[in-house]
Amino acid sequence: MKTIGTFAETRALVSGRIGLVPTMGFLHEGHVSLIEHARSMCDTLVASLYVNPTQFDESTDFDRYPRDLDRDSAIAAAAGVDILFAPDDEEMYPTPLLTQVHVPALADRMEGVHRSGHFAGVATVVAKLLAGIKPDVALFGRKDAQQLAVVTTMAADLSFPVDIVGGSIVRERDGLALSSRNIFIEDRTAALTLHVGLMAAADAFEQGVIDGAELESVVVDSLGDVELEYVELADARTTERLVTLDRPAFIAIAARIGGVRLIDNVYFTGTPLVADRGNRLGAESMLYDEGDS
Ligand code: PAF
């Protein structure tokens, strides 16, 4: 695996069908599952690693976002990445950004209400990655279900010749959705109730409940000591709130537990609709490997 800092060098090295897994680093099994999936779909696999400042609405969150290039390089190489594209700010934003990509119809709800400017930052940096690396396929985790919808629409609307593919959530042994921020959680019992609520909603759906408000209440009723921001049943493509679960959709939740903001969801896809509850690890996540936190 080569670690490269510029778009030009990356483009000079790739050939055949190109896959891209965009990340902000501090890799975990969720990223690894996307990388492994991407590996089976392409000839050259690029993973990008860039903690994008423009998508953080809180500077403290940006400052404390975990960063460890050596650790990430080892994980990416072992997972099958050919090129780790790790640009600096100068490469990503050489001049003050005068152009922004907005997908307001999809972005201005749920996360957009609580994280002002977040999706403009995401859509813009992903557009830059697609333009600069020119992948044939790019993979994003379903953990950020709204992000997946925003990026899919942005890529189609701007005619990027790329397939956007979503990957199932990977969960820790106890069900918590993997996130680089999990290393900061203090009240794990409270954090786990997000997952418990979502699984209860998936159970309710499987028992025939399709009313959106009822499914959302099932989640809320399971929550412990968390500061809830939202629970919504949303159309997987448009992110519009749904009254009835009758098409591909997700129930998304965001809550703060102590100083840590967590998001999670359960996704419903296929015909007939089936709940994608994510895949649980059998052992402790690599997020907790000694020396990494
Ligand atoms: O999901 C993430 O890690 C980021 O939002 C992404 C897609 C890499 C853009 O910075």
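Of all beta bridges DSSP finds with both residues in the chain, what is the antiparallel percent, to the nearest 5? Before the final figure, lay out each step's value.
Details: 23 of 44 bridges.
Percent antiparallel among DSSP bridges in the chain is about 50.
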Quick one: which residues, 5+ away or cross-chain, put their amide H under 5 Å from the amide H of Ile4? H built at 1.01 Å from N. Leu84, Phe85, Ala86
In the chain, taking the dipole from +1 charges on Lys and Arg beta carbons and -1 charges on Asp and Glu beta carbons about the Cα centre, the listed residue (Thr6, Gly258, Tyr230) farthest towards the positive end is Thr6
Report, in deg cm²/dmol and to the nearest 500, the calculated mean residue ellipticity at 222 nm for the chain, where each DSSP H run with n ≥ 4 adds -39500 (n - 2.57) and the sum is divided by the residue count. -10500 deg cm²/dmol
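Mind putting a number on the dipole of the chain about its Cα centre? Charges go on the C-beta only, +1 for Lys and Arg and -1 for Asp and Glu, and I need it in Debye to the nearest 20. The partial results should precede the final answer.
Numbers: 24 positive and 45 negative charges, 149 e Å.
Computed charge dipole of the chain: roughly 720 debye.
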Please report the antiparallel percentage of DSSP beta bridges with both residues in segment 18-113, rounded to the nearest 5. 0
With a ≥ b ≥ c taken as the square roots of the eigenvalues of the C-alpha gyration tensor of segment 1-139, please select rounded if a/c is under 1.5 and otherwise prolate if a/b is larger than b/c or oblate if it is not? prolate
Check which residues have an amide H placed less than 5 Å from Asp68's amide H, if you skip close sequence neighbours. Phe26
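Among Val219, Val209, which comes first, then next, by fewest other beta-carbon atoms within 10 Å? All intermediate terms of the calculation are to be shown ahead of the outcome.
Numbers: Val219 28, Val209 15.
Lowest count first: Val209, Val219.
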Counting other Cβ atoms within 10 Å of each Cβ, which GluC sites (Glu not before Pro) in segment 93-194 have at most 12 and sit in a DSSP loop? Glu186
Taking the Cα centre of segment 42-137 as the origin and placing charges on Cβ (Lys, Arg +1; Asp, Glu -1), which of Cys42, Val103, Ala78 is farthest toward the positive end of the dipole? Val103
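When the dipole is taken about the Cα centre of segment 166-293, and only Lys, Arg (+1) and Asp, Glu (-1) are charged at their Cβ, what size is it in debye, to the nearest 20? Don't jump to the answer; show the numbers that get you there.
Numbers: 11 positive and 23 negative charges, 62 e Å.
Dipole size: approximately 300 debye.
Grab the Cα-Cα distance for Asp136 and Leu97, subtract it from 0.36 nm times how many residues apart they are, and report the gain in nm with one decimal.
On the way: separation 39, 0.36 × 39 = 14.04 nm, distance 2.58 nm.
Difference between extended and current length: 11.5 nm.
Label segment 142-241 by shape, choosing from rounded, prolate and oblate, from the square roots a ≥ b ≥ c of the eigenvalues of the Cα gyration tensor; if a/c is under 1.5 it is rounded, and otherwise prolate applies when a/b is larger than b/c, oblate when it is not.
Details: a/c = 2.23, a/b = 1.39, b/c = 1.60.
Oblate shape, in that a/c is at least 1.5 and b/c is the bigger or equal ratio.
Give me Thr124, Thr99, Thr244, Thr54 ranked fewest to most by other Cβ atoms within 10 Å of their Cβ, as a rough exposure proxy.
Numbers: Thr124 20, Thr99 7, Thr244 12, Thr54 17.
In increasing order of surrounding Cβ atoms, one gets Thr99, Thr244, Thr54, Thr124.
Read the figures in this text as sums done on the coordinates, not as results from a lab. As the structure is a prediction and not an experimental result, all values here were calculated from the model. Using ideal geometry, Cβ is built from the backbone for each residue, glycine included, and neighbour counts are taken over all protein chains shown.
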